[in-house]
Amino acid sequence: MTMQALTPDELRLLAEAGGAAPSLHNSQPWLFRPTPDARGLCLSSDPRRAVPLTDPDGRALHISLGAALFNLRLAAVHLGREPDVHLFPDGDDPHLVALLDLSEPAAVPHPYGRDLYPAITQRRSSRQPFANRDIPETVLGELMAAALDEGVVLSPLEEDGVRRVLSLTAQAEQRTDTDLARMAETRSWLRPEQPATDGIPQAALGPQDHEAHVPMRSYTGRPSTDATRSQRFEALPQLATLTTHADLPADWLRAGQALERVWLLATVRGLRASVLHQAVEWPDTRWGLRDPAEGPGHVQLVLRLGYGPPGSPTPRRPVSETLDLGIRQNTTV
Ligand SMILES: Cc1cc2nc3c(=O)[nH]c(=O)nc-3n(C[C@H](O)[C@H](O)[C@H](O)COP(=O)(O)O)c2cc1C
């Protein structure tokens with residue numbers, strides 16, 4: 001059975017789900033457009049929303065797009081449509097990162113889609129201290145299996161690995177902190193005044209670690225010396241790396257899909273998460289993130305997982321900006 005063309009309401013639901021994904025500095029570098037027969041959706045990058053000094057190769061941009069793509073897949077299943085995804089379908093257009101053919105009905109039961117869709121609006125970055133409580137091995141195993149399903153390795157780190165990654169993150173954070181141009185770029189994504197449709201509001205920023213052993217990203221410059229802005233973080237954070245075999249844009253998209261799938265499943269299991277990306281942003285510290293025992297691979301992202309308070313919401317661009325209806329522009333969505 002071939003499905004009908006997507007209705008304006010369905011297109012809006014898809015664009016809202018895609019747009020709820022995490023992105024570097026909440027830059028939301030995505031555009032959505034129905035295919036000419038409206039039985040599918042195109043996901044494109046929006047180069048105007050790049051973060052060029054922090055992310056010169058566009059790696060984080062593609063990870064963000066991958067996360068949006070995973071949400072699109074979930075929303076498609078929610079609409080009863082099976083997402084048949086083609087990465088970079090047009091060799092002449094590097095901005096067209098994925099085409100989702102949504103013309104066939106979704107598999108019933110679906111392996112993951114229906115359980116994870118409700119978590120799209122619940123998932124948030126939590127930059128708060130987490131509790132000193134271990135995550136059960138069974139839950140970590142589920143998260144690893146979810147990433148592997150996306151072709152990406154999630155490695156929860158043991159104590160040695162955590163200390164190595166924290167030290168590299170601290171080095172990278174210090175280096176970024178003294179790079180005036182990068183810090184100006186980062187600060188330009190802060191949104192101290194509401195309302196905004198992108199960037200990070202003050203309320204979503206967390207404290208710095210009182211003991212300075214969990215180097216959270218300082219969005220404002222040097223860590224505040226104000227004691228009220230620093231708190232004691234968990235003694236040994238549960239960190240996990242996401243690693244891909246190769247390091248091409250399609251791998252970054254896979255890493256983004258795995259990131260979102262893991263983050264949504266973690267949310268369903270009552271976990272909070274935040275990203276520690278600083279060490280991935282400098283070639284030498286990124287190289288050091290690799291676990292030599294794991295064999296070859298490229299670390300794409302470091303995730304901090306745990307139990308703790310939820311993060312504050314961050315704004316999103318309206319669908320009228322992210323959903324391009326082309327010739328159907330007069331249609332109300
Ligand atoms: C590639 C990538 C890198 C990120 N790097 C960091 C980071 O270093 N520190 C941090 O606190 N959050 C980081 N984030 C989280 C974003 O800031 C966050 O997703 C965005 O502000 C939207 O907020 P939300 O996750 O609560 O929806 C990163 C997200 C992505 C996708």
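Filter region 6-48 for residues that are hydroxyl-bearing (Ser, Thr, Tyr) and within 16 Å of the ligand (Cβ to nearest atom) and give the result.
Step one: filter region 6-48 for residues hydroxyl-bearing (Ser, Thr, Tyr), giving 7, 23, 27, 35, 44-45.
Answer for region 6-48, where residues must be hydroxyl-bearing (Ser, Thr, Tyr) and within 16 Å of the ligand (Cβ to nearest atom): Ser23, Ser27, Ser45.
Given the options Leu190, Leu168, name the one that is surrounded by 12 or more Cβ atoms within 10 Å (Cβ to Cβ) and touching a residue at least 40 places away in the same chain (Cβ under 8 Å).
Values: Leu190 fails: touching a residue at least 40 places away in the same chain (Cβ under 8 Å).
Criteria check complete, one pass: Leu168.
In the set Leu303, Leu264, which member is within 14 Å of the ligand (Cβ to nearest atom), touching a residue at least 40 places away in the same chain (Cβ under 8 Å) and crowded, with 24+ Cβ neighbours inside 10 Å?
Details: Leu303 fails: crowded, with 24+ Cβ neighbours inside 10 Å.
It is Leu264.
What tally of residues in region 86-110 results from selecting those that are in a loop (DSSP other than H, G, I, E, B), of a type in the set (A, V, I, L, M) and open to solvent by 40 Å² or more (accessible area, probe 1.4 Å)? It would help to see each step written out before you state the result.
First, the residues of region 86-110 that are in a loop (DSSP other than H, G, I, E, B): 88-95, 106-110.
Narrowing further to those that are of a type in the set (A, V, I, L, M): 106-108.
This time we only want the ones that are open to solvent by 40 Å² or more (accessible area, probe 1.4 Å), so: 107-108.
The total comes to 2.
Residues checked against (1) out of contact with any Lys or Arg (no Cβ under 9 Å at 6 or more places or on another chain); (2) in the same structural domain as His277 (by TED's automatic domain parsing):
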{"position": "Leu116", "(1), (2)": "no, no"}
{"position": "Ser126", "(1), (2)": "no, no"}
{"position": "Glu150", "(1), (2)": "no, yes"}
{"position": "Leu157", "(1), (2)": "no, yes"}
{"position": "Gly161", "(1), (2)": "yes, yes"}
{"position": "Gln174", "(1), (2)": "yes, yes"}
{"position": "Thr186", "(1), (2)": "no, yes"}
{"position": "Pro195", "(1), (2)": "yes, yes"}
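Would you confirm, using the coordinates I've provided, whether His86 is out of contact with any His (no Cβ under 9 Å at 6 or more places or on another chain) and within 30 Å of Ala184 (Cβ to Cβ)? Working first, answer last.
Numbers: out of contact with any His (no Cβ under 9 Å at 6 or more places or on another chain): yes; within 30 Å of Ala184 (Cβ to Cβ): no.
Answer is no for this residue.
Which condition number does Asp90 fail, the rest of (1) within 16 Å of the ligand (Cβ to nearest atom); (2) free of Cβ contacts under 8 Å to residues at least 60 places away in the same chain being met?
Of everything listed in (1) within 16 Å of the ligand (Cβ to nearest atom); (2) free of Cβ contacts under 8 Å to residues at least 60 places away in the same chain, Asp90 misses just condition (1).
Rundown of residues vs (1) under 28 Å from Gly58 (Cβ atoms); (2) within 13 Å of the ligand (Cβ to nearest atom); (3) modelled with pLDDT under 95; (4) touching an Asp or Glu at 6+ places or on another chain (Cβ under 6 Å), yes/no style:
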site: Ala235; (1), (2), (3), (4): no, no, yes, no
site: Leu242; (1), (2), (3), (4): yes, yes, no, no
site: Ala258; (1), (2), (3), (4): yes, yes, no, yes
site: Arg269; (1), (2), (3), (4): no, no, no, no
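List every residue pair whose Cβ atoms lie under 8 Å apart, where the two residues are 6 or more positions apart in sequence or sit on different chains, the first residue falls within region 107-128 and is within 24 Å of Ala203 (Cβ to Cβ) and within 12 Å of the ligand (Cβ to nearest atom), and the second residue, located anywhere, is open to solvent by 70 Å² or more (accessible area, probe 1.4 Å) and assigned to a loop (DSSP other than H, G, I, E, B).
So the pair list comes out as Arg124/Pro310; Arg124/Pro313; Ser126/Pro310.
Do we find that Val51 is within 16 Å of the ligand (Cβ to nearest atom), part of a strand (DSSP E or B) and open to solvent by less than 10 Å² (accessible area, probe 1.4 Å) in this structure?
On the way: within 16 Å of the ligand (Cβ to nearest atom): yes; part of a strand (DSSP E or B): no; open to solvent by less than 10 Å² (accessible area, probe 1.4 Å): yes.
When the stated conditions are applied, Val51 does not pass them.
Filtering region 193-223 down to residues that are open to solvent by less than 50 Å² (accessible area, probe 1.4 Å) and of a type in the set (Asp, Glu), which residue is nearest to the ligand (Cβ to nearest atom)?
Within region 193-223, the match that is nearest to the ligand (Cβ to nearest atom) is Asp198.
So which residues in region 111-133 are in a loop (DSSP other than H, G, I, E, B) and either of a type in the set (Ser, Thr, Tyr) or over 13 Å from Pro310 (Cα atoms) (or both)?
Quick first cut of region 111-133, residues in a loop (DSSP other than H, G, I, E, B) only: 111-112, 122-124, 126-133.
Of everything in region 111-133, those that are in a loop (DSSP other than H, G, I, E, B) and either of a type in the set (Ser, Thr, Tyr) or over 13 Å from Pro310 (Cα atoms) (or both) turn out to be Pro111, Tyr112, Ser126, Asn132, Arg133.
Please go through region 145-165 and pick out each residue that is surrounded by fewer than 17 Cβ atoms within 10 Å (Cβ to Cβ) and not charged (D, E, K, R).
Ala145, Leu148, Gly151
The values are calculated or read from the model by the stated rules, or taken from the named source; none is laboratory data. Only a predicted model underlies this, so the values are computations on that prediction, with no experimental measurement involved. Glycine gets a Cβ as well: all are built from the backbone with ideal geometry, and neighbour counts include every protein chain shown. Heavy atoms of the whole protein, side chains included, go into the accessibility calculation; ligands, DNA and RNA do not. Shrake-Rupley method; radii C 1.70, N 1.55, O 1.52, S 1.80 Å.
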